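Asker: Below is a structure I'd like to ask you about.
The values are calculated or read from the model by the stated rules, or taken from the named source; none is laboratory data. Keep in mind the model is a prediction, meaning the values are calculated, not measured. Glycine also receives a Cβ, built like all others from the backbone with ideal geometry; neighbour counts cover every protein chain displayed.
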Amino acid sequence: MSGQSSQFGLRLASQILLLATCLIALVTCPHSKVEESFNLQAAHDLYYVGVLPAVKSFNNVDPSCSEGGVQTCLATEKLSYDHTKYPGVVPRTFIGAFFLSSIARLVSMMIPRKMFCLSSHPLALQFLIRFELLLIGWLAHLRLASSVESYFQKRASELHSAQSAQSASRSNKKLRTTIQPSLIASYYLLITAVQFHLPFYSSRLLPNTFALVLVTIAYSEWFSRRPRRTAIYLVFTAAIFRCDMLLLLFTVGLAMLVRRDLSVPEAVLTGAITGVVSLAVTVPLDSVMWGRPIWPEFEVWYFNTVDNRSSEWGEQPVHWYMTSALPKGMLATAFLLPLAFIRLPERIKHGFGPKKEIGNEPLLDKSLPSFHQAVKFQLPRRRSAGSVKVASRAIYPDTTIRE
């Protein structure tokens, strides 16, 4: 009973610590990064102006719009949209900003105006919108932590039953150095909380952050052995928030096909249906807001891949990712990385065949995405993946797992 109480206390403490570190980053760093300016201004405009002026302009309801075009009409609105004056390098979707601003409107409606008028305090509105994204991301990590723990508890039970014939002396010797699967979720949250990237960027309105929330949920679905849902979240994310997710979608999808979690027809059908639904979500709103038919992430993909113009906006040395980005992002957790390789010689000795299932776990893809794409999106994602890997490696190889 005392063991269960201590585990519950550790779990609660790890959850609170992750939330606290995210809140500290939000409160102590209230100002905006230039990369998040689009979504922040979009959330502001959608809260104060709404979509209706853009709809009217798009449909040319106002006769004055017919001469100068939709963009000119939008820019000359009494309460103009920021993106018409500062469109940025490539167009981005309004879906995330629309979702957060809609929640903020509901909150504003529930607060009596005599008590506090949210619309009269734009900085409070900015804090609220960022807190919404922070809270959603935090809940996604709690869900992933729970899924990881459930996965390894089930694996521990299966392997413990299969290995009951082993000698007691050998098993007991290894069990003393093994972390219980029931602690995996707590350790994952603790490791995540003491890094830099996830707590800091959890409240920043970047396309990366919106995508990270959905990727985190996708991983939780994968650990819960729901491959179709995993594919749905990844396709949705790639189509709407971050086209770079195509790399992750490819590696995860390949793993699912190899494991036969999905057949080729099932994968194609799931991807096609999700892709169509994603376009039905993003194209209408973004076309109205941008004043022309548009699929934002396709234009981003075309700009970066076909035109190959991303280098126009800055380059880093080849070693930058390893010598600067990773150390800054991981902070003290870099010292935990060697723990992930302690069992590697024994894993190699026993082999990586299907019975051992080292290649059949949702950890397969963590080392596959390219460094370039990792810098652009998967840097915060790899912090999450690294947390899972460090925490889970502690209970490997299979012969050392216990309930």
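Asker: Restricting to segment 251-272, name every residue that is aliphatic (A, V, I, L, M) and buried (at least 16 other Cβ atoms within 10 Å of the Cβ).
Answerer: Result: 252, 255, 256, 262, 267.
Asker: What are the residue pairs meeting all of these: first residue in segment 278-306, first residue closer than 22 Å to residue 233 by Cα and outside the structural domain of residue 237 (by TED's automatic domain parsing), second residue surrounded by fewer than 20 Cβ atoms within 10 Å (Cβ to Cβ) and among the hydrophobic types (A, V, I, L, M, F, W, C), Cβ atoms under 7 Å, and 6 or more apart or on different chains?
Answerer: Every condition considered, no pair remains.
Asker: Taking the residues in segment 106-158 that are assigned by TED's automatic domain parsing to the domain that holds residue 185 and more than 27 Å from the chain's Cα centre (by Cα) as candidates, determine which candidate is farthest from residue 191 (Cα to Cα).
Answerer: So the residue we want is 158.
Asker: Of everything in segment 273-306 that's under 15 Å from residue 91 (Cα atoms) and of a type in the set (Gly, Ala, Ser), which residue is surrounded by the most Cβ atoms within 10 Å (Cβ to Cβ)?
Answerer: Among those that are under 15 Å from residue 91 (Cα atoms) and of a type in the set (Gly, Ala, Ser), it is 291.
Asker: If you take the residues of segment 63-98 that are modelled with pLDDT of 50 or more and among the charged types (D, E, K, R), which of them is surrounded by the fewest Cβ atoms within 10 Å (Cβ to Cβ)?
Answerer: 85
Asker: Of all residues in segment 114-139, which are out of contact with any Leu (no Cβ under 8 Å at 6 or more places or on another chain) and at pLDDT 95 or above?
Answerer: Within segment 114-139, 135, 136, 139 meet the criteria.
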